[in-house]
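Since every read-out is calculated from the coordinates, none of them should be taken as a lab result. Please read all numbers here as calculations on a predicted model, not as lab measurements. Virtual Cβ from ideal backbone geometry, glycine too; neighbours counted across all protein chains shown.
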Amino acid sequence: MLHVWAICKSTQTHVRDGGVHHRRKYRLKILTRFCAQASEWRYNKAVQQTEGSTRPIGLDNSTQSEERYQAFIRNSSEGIWRFELDAPIPVKLSVKEQVRRIFETAYVAEANRAAAKMYGFSSGGSFIGLHLDQFMAKSDPEVVSYLESFVKGGYKLSGTEYHQVDSAGNDMYFRNSVTGTVEDGCLVRAWSTQQDVTQWRSANQALKRSEERLTLALRASTMGLWEWDLKRDQLYWSDELIRLYGLPLDHSITYKEYLGLVHPDDKAQAQKVIQTSMKTGEPYQFEHRITWPDGSQHWLLGQGQAYLEAGEAVRMIGTCVNIDARKHDEAVTRRQNSFLQMLHASAVEASQSIGQEAQVLNSILSHAGTICDTPHGYIYLVSDAPDELRVKLASGKFKAHVGHTIKKGEGLAGRVWQTNKPIIVNDYDTWSYRQRSFPKGLMNAAVGVPLQTAGTTIGVLALVHDSPGKHFDSDQLSALQRLSDLASITLNNAKLFEELQESEQRFRSLADTAPVLIWISGVDMGLTYFNKPWCDFTGRSMDEETGDGWMHSIYPGDLDFCYQTYKTAFDNREPYSMEYRIRRYDGVFRWILDKGVPRFSSTGEFQGFIGSCIDIDDMKRANDLVMTNAQLKSQQAQLLAVNKTKDEFIALASHQLRTPATAVKQYTSLLINEFAGPVTPEQLKYLRIAFDSNERQLQIINDLLKTAQIDSSRYVLEKKPQDIAKIIKQAAKELRATCELKNQKITLIGIKSTTVEVDANEIKLALINLLENASKYSYPDTEITLRMHKSGKRLEIAVTDVGVGVSKADARRIFDKFTRVDNELSDTVTGTGFGLYWVKRIINLHGGSIKVESAVGKGATFIVRLPL
Amino acid sequence: MTVAKRILVIEDEIILQDVYKLVLTSGGYAVHVASNGIEGLKKLKSVQPDLILLDIFMPLMDGKEFLRNVDLSEYPDTKIIVYTNLSDKQTQIEMRQLGAHDFIVKSSMTPSDLLAVVARHIGTSTSSSPKRRTNQ
């Protein structure tokens, strides 16, 4: 008799109509598991199908079938055995008693190899005949409870798993089914089949652990899992997946409903990718939005794949994760990128548009508006008045506010200025620092950031939302702060640029009005700049002179020297000074003094030379003159020295010569005067000759001395107010005796008392000299006239004689030194030739003049003019 | 008998010293000589002359220096005649400034001229002269 036992499915299945929602434990390898389960299920089904029959088919072919049956039993991998009892056990006994009896009286009547093996027996043979309690522990509570269940369950147990430890200490797991036969109210035998599910179980456990891990992992990753049995149209969603859709956990879902939850824009795509995979069996992946029951939208990343059997998709599985965070981050990044792009654009504009800061500020304000998603904004800058900000630029509804001023601490800008920090106000109308003058509703949310230079606030950039509900977030604020930095830099640059231009202007003004010629050269020695005076001077344009053009203006003979000096100084980065000639606009070469110094940047970099030149031509010539003058002066000094020596010599010599002559004079005088006794006439004669001769010598000496004195610069006149009349009379008186000798008469005419500033002695001597000459060069019995005449500022004294006169030619010479004019009387006249020279000198020293009017044989008139 | 007027001749040329001495003594004056300024100063003190004939060009101490070294207030009655062959104006002025009463160029004077000049200044030897004081 063949008994086939049913083995039920261990799975629980809730089967509902139509749409099926499987509720089961999760499996990692769905497919393998499914197959494994499928095969088990098939097997179980197969077994189930034969459950009804209690006897094997084909009783007639009993021997054949018996053999087949035996073979089947023998070779089965399942353990099959039959228990017989020593004595039947009445069913009415207590469970406990029955269990006890089973232990003691049940014995293995039949067992196959597999069964024996399960109990550690090598063959069924050794197994057979053993009572239960000989290979099962009576005290083992598991066995006891197993047997109790068997009894209580109507002598049936199916699919029971139990655990055993084999002789080697290994854990073993079996699945066991046993059916007992009850006849006449007693249990008589039992059949048992058993599977060694140790491996299966450990695999299962391993699998379970993996499943658990997966579950945990999935739970941790909130990855949703789905499975779609296409044949049965059974869609299975994991708990996580349910949550991902914001649905309640007990929600069941269909594909149609799923599609309904997909964002309309993504629906087509969703269908497409699924269908494509179903056709191709290729995996897909796509992002899509779904809508939750509360209306919120979320982003999911779905992956899936269809599995084909014989070209037809039978099943699809997939996973799903929420990518809201990523999408949000992407959105944030995109937004930040757009901010950065705008900042970058602003920065580029700012750096490129020196001198166009209004434009840059406008662009900054505009970008700020874009970043903050509002068209309303303004920029305040500090005005000239103290503690006041003025709106420089405005956009949107604030356009009309340009020029509006605000004090420190007032309103948003005023407060930002005061605190030097950015401020965000979310409800302006309730803000404590709001401007009272603003109408309510003008500003809702506002943000202001300071524009700063070197830590000082110079302005405020502000943006405003005028509709409620809109706010400014921190990303926007930091973007605004970057923009405000740019604005500050722009303003600062503008200021620096202006200062630079002013400085340039000042330099140019200075350079062009300075009286010096200015030039600048670059690092290559070439000239880059000449000031206006230079160009005017050379008559050439800056274009002609720059580079090396300047060399054409240099005097060719000086060019080498000029260039070498410049080059040497340039190479050594040292100042230089040189003189050379340069062609002026009129073609004339002028000496100039050129001084150059090296230029360095603020970081010490050599940048070329700068220099200035002045026209020193006049000075140079003057210097030459000065040198000549100096030479002349020194020559003059030498001459004067020599002259002085000469004068001193003359003075000394004269003096020395006088001494012996004086002695001669005294002694001859004594002799002549018979001091030493009487002298004979002849002695007297000789003595007189000697005396006269000596006198002549003395005269010569006197003349020499006087001339030397008159010539010397030390000749002193004692000019005092004198009555010229007196001097004239004195002079005439002194000549009287001389004139009487020749019977000459001196007549004085027009003598009036007149005060003249003169050296009385010298004038007297001069007049004596003239009168003497007049006497000497006149014949006896003639008249000499001295006439005085005053006219205006002049006094005129004319000495006239009617003597020999002088020729015109001689007239010029007679006032010279050493001159004696030859005339009739010259041999008889004593004289040294100095007389008239002295007279002229004396008169000249008095500021007067003397001249002669004469003709030969007609006498002469000497006219003396003296200033009054 | 009246005391002869004294003349001090300060002159380095001996021949001239001699002739002046000769001439002036013949004029009745008591003549004393010195050969230079230093001697002159000494003789001045001892002689207390009525007149000094002072040469300029002398060794050891010249006439200028002599005058500088004389306290003329001690000799109020002494006439000083610079008797020299240096005839330049400058010297004349200087000597007058130093106290000389007259300046005469030697070479222009004969012996009789000299006597005349001396008489003009201090009178003849025997005549009385004004402001004469007896020395202690």
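Taking a ≥ b ≥ c as the square roots of the eigenvalues of the Cα gyration tensor, an a/c ratio of 1.5 or more together with a/b no larger than b/c marks the stretch A:510-551 as oblate.
Would you please classify the overall shape of the stretch B:6-122 from the alpha carbon gyration tensor, given that a ≥ b ≥ c denote the square roots of the eigenvalues, rounded means a/c under 1.5, and beyond that prolate means a/b larger than b/c while oblate covers the rest? The shape class here is rounded.
Applied to the stretch A:91-100, the Karplus parametrisation 6.51 cos²θ - 1.76 cosθ + 1.60 on θ = phi - 60° returns per-residue 3J(HN,Hα) values of 6, 7, 5, 5, 4, 4, 5, 4, 4, 4 Hz, with x for Gly and Pro.
Taking the Cα centre of chain A as reference, the dipole from Cβ charges on Lys and Arg (+1) and Asp and Glu (-1) amounts to some 2720 debye.
Given Cα pairs under 8 Å that are at least 6 residues apart, what percent is the relative contact order of the stretch B:6-122? Relative contact order, the stretch B:6-122: 24 percent.
Comparing A:ILE290, A:THR755, A:LEU244 along the charge dipole axis of chain A, the residue lying farthest to the positive side is A:THR755, per the Cβ-charge model. Counting only DSSP H runs of at least 4 residues, each contributing -39500 (n - 2.57), and dividing by the residue count of chain B, the helix-based mean residue ellipticity at 222 nm comes to -11500 deg cm²/dmol. Beyond 16 Å, the tail of the calculated P(r) for the stretch A:301-382 holds 70 percent of the Cα pairs. Projecting the Cα atoms of A:LEU261, A:CYS372, A:GLY129 onto the charge dipole of chain A, computed from C-beta unit charges around the Cα centre, puts A:CYS372 farthest toward the positive end. The charge dipole of the stretch A:344-444, taken about its Cα centre with unit charges on the Cβ atoms of Lys, Arg (+1), Asp and Glu (-1) only, comes to about 300 debye. Amide H to amide H, with H built 1.01 Å from N, A:GLY547 comes under 5 Å of A:LEU527, A:THR528, counting only residues 5 or more places away or on other chains.
As a test, work out the antiparallel percent of DSSP beta bridges whose residues both lie in the stretch B:6-122, rounded to the nearest 5. Expressed as a percentage, antiparallel bridges in the stretch B:6-122 total about 0. Most simply put, chain A has about 95% antiparallel DSSP beta bridges, counting only bridges with both residues inside it. At a threshold of 8 angstrom on Cα-Cα distance, excluding pairs fewer than six apart, so keeping six or more, what relative contact order does chain A reach in percent? Taking the mean separation of contacting Cα pairs over the length of chain A, I get 5 percent.
Could you work out the pair-distance distribution P(r) of the stretch A:467-528 from its alpha-carbon pairs, with 10 angstrom bin width and percents rounded to whole numbers? The calculated distribution, bin by bin, is 17, 22, 21, 15, 12, 9, 5, 0. In chain A, helical runs assigned H by DSSP with n ≥ 4 each contribute -39500 (n - 2.57); averaged across all residues and rounded to the nearest 500, the mean residue ellipticity at 222 nm is -15000 deg cm²/dmol. The 3J(HN,Hα) values that the Karplus relation (6.51, -1.76, 1.60; θ = phi - 60°) gives for the stretch A:231-241 are, in residue order, 5, 9, 6, 9, 9, 10, 10, 6, 4, 4, 4 Hz. Gly and Pro appear as x. Longer than 25 Å from Cα to Cα, which of A:LYS764/A:LYS851; A:LYS117/A:LYS152; A:LYS764/B:LYS64; A:LYS720/A:LYS742; A:LYS685/B:LYS5 are they? Say none if no pair is. Over 25 Å Cα-Cα: A:LYS117/A:LYS152; A:LYS764/B:LYS64; A:LYS720/A:LYS742; A:LYS685/B:LYS5. Close amide H contacts of A:LEU748 (hydrogens built in the peptide plane, cut-off under 5 Å, sequence separation of 5 or more or a different chain): A:LEU786. Put simply, the amide H of A:ALA106, placed in the peptide plane, has neighbours under 5 Å in A:ASP86, A:LEU132, leaving out anything fewer than 5 places away on its chain. Convex hull of alpha carbon positions in the stretch A:229-363: directionally averaged projected area 11.6 nm². I want the local charge near A:GLY411. Using Cβ-Cβ distances under 11 Å, sum +1 for each Lys or Arg and -1 for each Asp or Glu among the other residues. Surrounding charge for A:GLY411 is +4.
For the stretch A:504-513, the Karplus equation 6.51 cos²θ - 1.76 cosθ + 1.60, evaluated at θ = phi - 60°, returns couplings of 4, 4, 4, 4, 4, 4, 4, 4, 7, 9 Hz by residue, with Gly and Pro reported as x. The Kirkwood hydrodynamic radius of the protein assembly as shown, based on inverse pair distances between different Cα atoms, is 48.2 Å. Is there a pair in A:LYS808/B:LYS89; A:LYS733/B:LYS21; A:LYS408/A:LYS495 whose C-alpha atoms are over 31 Å apart, and which pairs would that be? Check vs 31 Å cut-off fails for A:LYS808/B:LYS89; A:LYS733/B:LYS21. Computed from point charges on the beta carbon alone (+1 for Lys and Arg, -1 for Asp and Glu), the dipole magnitude for the stretch B:6-122 about its Cα centre is near 200 Debye. Think of chain A as a dipole: +1 on every Lys or Arg Cβ, -1 on every Asp or Glu Cβ, centred on the Cα centre; then among A:ALA487, A:GLY304, A:VAL425, A:ALA487 lies furthest on the positive end.
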